[in-house]
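Structure, as structure tokens:
Read-outs: derived from the displayed coordinates by stated rules, not from any lab. What you are looking at is a predicted structure, and each value in this text was computed from that prediction instead of being measured. For neighbour counting, all protein chains shown are included, and Cβ atoms are generated from backbone atoms with ideal geometry for every residue, glycine included.
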Amino acid sequence: QVQLVESGGGLVQVGDSLRLTCTASGRALTTYTIGWFRRAPGKGRQFVGGAGWLGGGSYYADSVKGRFTISRDNAKNTVYLQMTSLKPEDTAVYYCAARGGASSRYEADFDSWGQGTQVTVSS
């Protein structure tokens with residue numbers, strides 16, 4: 001398995017930017033599909049975005065498309081979620097996840113999860 005730890009969350013204002021980091025250990029992320037999910041108050045865990053095999057492309061939920069960007073640094077075995085133009089509805093606990101298979105946007109497909117990091121966007 002691969003172990004994941006998220007960091008970089010915090011309290012920001014509407015329109016701000018924030019970068020979340022997912023650091024992996026135990027296995028190289030080059031062979032994994034990476035997903036970002038979030039759980040907002042009163043809602044279930046929702047897909048945010050993902051990066052496919054060997055970092056070949058990324059895909060996003062409509063709610064964040066054009067504002068969030070996933071990148072991978074294989075040398076550091078890390079994945080980033082760059083968030084811009086943040087909105088109050090982006091407030092949530094954000095999780096990174098990994099699966100040893102093809103690209104997916106479904107929570108059940110991911111085997112390894114981080115502990116989550118809180119992002120709060122104030123009006």
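The set of residues in the range 24-50 that are closer than 18 Å to A75 by Cβ and under 11 Å from the mean Cα position of the chain (by Cα) contains only I34. Scanning the range 56-71 for residues that are hydroxyl-bearing (S, T, Y) and within 26 Å of T31 (Cβ to Cβ) yields S58, Y59, Y60, T69, S71. For the range 1-41, which residues satisfy the criterion of being more than 16 Å from G116 (Cβ to Cβ) and acidic (D, E)? If the condition is that a residue be more than 16 Å from G116 (Cβ to Cβ) and acidic (D, E), then D16 is the only one that fits.
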